[in-house]
Amino acid sequence: MILREVIRVKVGNFTKKFRSQLPLQLMVIPGVLFLIIFSYVPIYGLVIAFKSYSVTDTISSADWVGLENFRIAFSDKFFWKSVVNTLAISLLKLLIGFTFPIILSILIFEVKDGVFKKTVQTISYLPHFLSWIVVGGMLISWLSTSGIFNELLVLLGILDEPRNFMIEPKSYWLIAVLSDVWKEAGWGTIIYLATMSGIDPTYYEAAKIDGATKLQQIWHITLPLMKFIISLMFILAVGGLLGSNLDQTLVLMNSLNQSHAEVINSYVYKIGLAQGDFSYATAVGLAISIVSLILVIITNTVTKKMNDNRSVF
């Protein structure tokens, strides 16, 4: 009887609260439906990773092969090459692309001139709205033998003669990382600037009275108060470590730089869609997703200790 009464009270409270928030709940419904249809329903398709599936089969009629697709993937040298490229590019992006927006956001935040500050923000945001098709075309043009970068490097005496950087495998990792940072760094400052705008200005006033320099204020006030959001963004960045940008790769990769440009996503795309081996591609994608989940859990555990045992999730 007591349990029944507790359940009745809780259901009544939930119903009452739901009715009071009805307009908000109705706004949430489209998002929930979107997640169910496009995120949860497709999970059923993961079973083809354990089957020999082709377009002539249905998911249920395809033959079970167990872990055979995973065995083939892990013994494929091209798969491991794509893993090496993905890790190299993603780690460089994590090292440079994660820290640069933090530094840029602090610099923008410290600027007091409203017009100049807004101009810098606008200029830094703009590359985000360019598609990788446009950015790729610009890079191919700029980095060609007759491009602006070669002309500048030859003029400064850094190069003796022009080079086509886009066909040099050893140059690809740096091109991929720097172009991604240039495109997304400004957009990445938005959440940090929003966090800094909420910091109580009295902290800085007290620090000034105590004689703290600007760098000391940043180190002892700004960064500690941004620690929670930095931890969250770091977890998300580590979670995407194995999911290198497919759009960027498809645009910048060519037959000459493919040995350093092929990443896991482009490898799965090529095997799954171009060659029609859906089971193999699904097995690779599933394995990468599991590893990414493990990385997120580990990173969350580490950052939790940095945030006084408070988890961001």
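Among the residues of the range 160-189, how many are more than 16 Å from Ser259 (Cα to Cα) and exposed (fewer than 15 other Cβ atoms within 10 Å of the Cβ)?
So the count comes out to 2.
So for the range 49-65 (the condition being part of a helix (DSSP H, G or I) and not assigned by TED's automatic domain parsing to the domain that holds Leu252), does at least one residue qualify?
Scanning the range 49-65, I find at least one residue that is part of a helix (DSSP H, G or I) and not assigned by TED's automatic domain parsing to the domain that holds Leu252, so the answer is yes.
Can you tell me which residue in the range 75-87 is surrounded by the fewest Cβ atoms within 10 Å (Cβ to Cβ), limited to those that are without any contact (Cβ under 8 Å) to a residue 24 or more places away in the chain and not basic (Lys, Arg)?
Restricting to residues being without any contact (Cβ under 8 Å) to a residue 24 or more places away in the chain and not basic (Lys, Arg), the top hit is Ser75.
Looking at the structure I just gave you, is Thr202 over 24 Å from Gln248 (Cβ atoms), among the β-branched types (Val, Ile, Thr) and surrounded by 17 or more Cβ atoms within 10 Å (Cβ to Cβ)?
no
Quick one: in the range 44-71, which of the residues that are free of Cβ contacts under 8 Å to residues at least 60 places away in the same chain and within 27 Å of the chain's Cα centre (by Cα) is nearest to Ala287 (Cα to Cα)?
The extreme case among them is Val47.
The values are calculated or read from the model by the stated rules, or taken from the named source; none is laboratory data. Please read these numbers as outputs of a predicted model, since none were measured by experiment. Ideal geometry is used to build each Cβ from the backbone, glycine not excepted, and the neighbour counts take in all protein chains shown.
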